[in-house]
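Read-outs throughout are calculated quantities, based only on the coordinates presented, and are distinct from any laboratory measurement. Every value quoted in this text rests on a predicted model; they were computed, and no experiment measured them. Here the Cβ is made from the backbone with ideal geometry for all residues, glycine too, and neighbour counts use every protein chain on show.
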Amino acid sequence: MSTIAFDQFALTRIADFARRLSRLHRASRHRLIEDDEIDREFNAVCMSVWGYTSDDISDELFSAEDHAFLDTLDEARARIFAAAQGYDLVDDNGMLTAENRAAARAAIEEKYLASPNVIGVIIER
């Protein structure tokens, strides 16, 4: 298995440009947000980062292989692909939910405690 390492300081952090868009997405879970409002904010983020929006790009510019690749992207793969292109897609909350972080922490504690030289694990909460 190979590991991909990225220089986190060299990545353009999209979350810095997309705070309002992230808030709109969170709000849409609790109340109706017009698609036009989300589209306008998405386009504002694209203009800030790249100087163009998805409206400026035609689907015909992409090959069949590109479309097939894009159809296979899930959140994790999109974030890895973006990082390879120089962009950090992790939002201010990170990729892990609170439940995932708790499960990961428990697994790490269990791993440490299984080591013969460890008698305890101190965790800041």
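Tabulated results
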{"item": "Full-stretch length increase - residue 42, residue 57 - with 0.36 nm per residue and alpha-carbon distance subtracted", "result": "4.0 nm"}
{"item": "Estimated distance in nm for a label pair at residue 73 and residue 20, the labels positioned 7 Å out from Cα along Cα-to-Cβ", "result": "2.3"}
{"item": "Distance between modelled label sites at residue 64 and residue 85, nm, 7 Å Cα→Cβ extension", "result": "2.2"}
{"item": "Residues of region 49-65 with amide N under 19 Å of the 7 Å Cα→Cβ point at residue 33", "result": "49, 54-55"}
